[in-house]
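Shown next, in structure tokens, is the structure this report addresses.
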Amino acid sequence: MKIFTLRKFSLIITTRCNLRCKLCCEYVTQHKPFSDMTLDEERRVLAAAFDVCDHIEVLHLTGGGEPLLHVQLAEMIEIAMEYSSRFDKLMLFTNCTIPLNPELSDMLKRHKEKLFIQLSQYGIKPEREKEFTRAIEVAGISHRIRKYYNEDQSFGGWVSFGGWDKQDKSTDELEKRFAGCGVTQDLRGNWRTRDGKVHWCSRSQRGMELGLVPDDAGDYVDLFDDTAISVKREKFERISKKGYITACDYCSGDQGTLNTMLRVLAAEQIA
């Protein structure tokens, strides 16, 4: 039987953040946060995900905001590690502004062989960023630094995904947008869920849950519906090959653009 693998699968464990970035790709600044994911919810999502997937390359405990704000992050890492034989890396993103508490620090060190952390530095709290980065380096945890301030920003800065109005693009234009998107080209799907509905990208997931993009069940896999595992696997494949998703018509399509004119300085804070 063919092994069914996803390259990346993200659990949105919180939609809270301590920063107020104008172009946040999770749109947390403009919207009231949902309740944080509970440990029982995490167990349920992971159990359902690994019923469908034989293997996940990168399991991501992310936030629609800052995951270190989740008071049970250490416990969530421990639960995820119950599936450590089924994934290659457990990944975290952080803005490096929340101090590591002893419990979380110990947990990160304990599982450092499986962990990978992206340290996104915005230059907003530089001393705290340096302290956090140093702690990760001393602990020997695999990581990468993304610098999003001053003139030499990673990727040349951020892009705007635009407003939420329907653009009424042609099928050809939408297919071109989908094919050229960084999610398609670089990630082969940034599969993500908060409630068991697994979407191709953040624009689709956040847009639908906020009611800003029409709910299209053809654009996500519901891990908790009563369809067979084989049907869910087929739907993952079908979404990745369908040409475009509904959210493409509610997006600028600039994710991963090489046009530097479309990039702006990252992390501008809303007063």
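Values quoted throughout were computed directly from the atomic coordinates according to the rules given, and no laboratory measurement underlies them. From a predicted model like this one, the values you see are computed outputs, not experimental measurements. Heads up, the Cβs are rebuilt from the backbone with ideal geometry, glycines too, and the neighbour counts pull from every protein chain shown.
For a distance above 23 Å, tell me the whole-number percent of Cα pairs in the chain that qualify.
54
Which value, in debye to the nearest 20, gives the size of the charge dipole of the chain about its Cα centre, when Lys and Arg are +1 and Asp and Glu are -1 at the Cβ?
Computed charge dipole of the chain: roughly 540 debye.
Among the Cys residues of the chain, which have no other cysteine Cβ under 4.7 angstrom away?
By the Cβ distance rule, which asks for a partner under 4.7 Å, the isolated cysteines are C17, C25, C53, C96, C181, C201, C248, C251.
Semi-axes of segment 143-223's equivalent ellipsoid from the Cα gyration tensor, sqrt of 5 times each eigenvalue, largest first, rounded to whole Å?
They are 25, 18, 14 Å, listed from largest to smallest.
For a quick check: with amide H placed at 1.01 Å from N, whose amide H comes under 5 Å from R146's, ignoring anything fewer than 5 positions away on the same chain?
Amide H to amide H, under 5 Å and 5 or more residues apart or across chains, R146 pairs with L119, S120, Q121.
Would you kindly calculate the mean projected area, averaged across all directions, of the convex hull enclosing the Cα atoms of segment 80-211, in square nanometres?
Mean shadow area of the hull around the Cα atoms is 10.8 nm².
Write down the radius of gyration of segment 67-112 and its Dmax, each obtained from C-alpha positions, in Å.
Expressed in Å, the Cα Rg and Dmax of segment 67-112 come to 10.7, 31.
Counting only helical runs of four or more DSSP H residues, what would the 222 nm mean residue ellipticity of the chain come to if each run contributes -39,500 (n - 2.57) and the total is spread over all its residues?
So the calculated ellipticity at 222 nm is -8500 deg cm²/dmol.
Run the numbers for E175 and H111: contour at 0.36 nm per residue of separation, minus the present Cα-Cα distance, in nm.
Here the answer is 19.0 nm.
For segment 179-241, what ratio Rg/Rh do Cα atoms give with a Kirkwood hydrodynamic radius?
Value, to two decimals: 0.96.
Counting only DSSP beta bridges with both residues in the chain, what percent are antiparallel, rounded to the nearest 5?
20
Across 10 Å bins from 0, what is the distribution of all Cα-Cα pair distances for segment 6-55, in whole percents?
Going out from 0 Å in 10 Å bins, segment 6-55 shows 22, 38, 30, 10 percent.
Could you work out the mean projected area of the convex hull around the alpha carbons of segment 46-158, in square nanometres to one decimal?
7.6
Can you pull the Rg over Rh of segment 124-271, Cα-only, Kirkwood?
Rg/Rh: 1.03.
Listing E268, E175, E151 from the residue with the fewest other Cβ atoms within 10 Å to the one with the most, what is the order?
Placing the least packed residue first, the sequence is E151, E268, E175.
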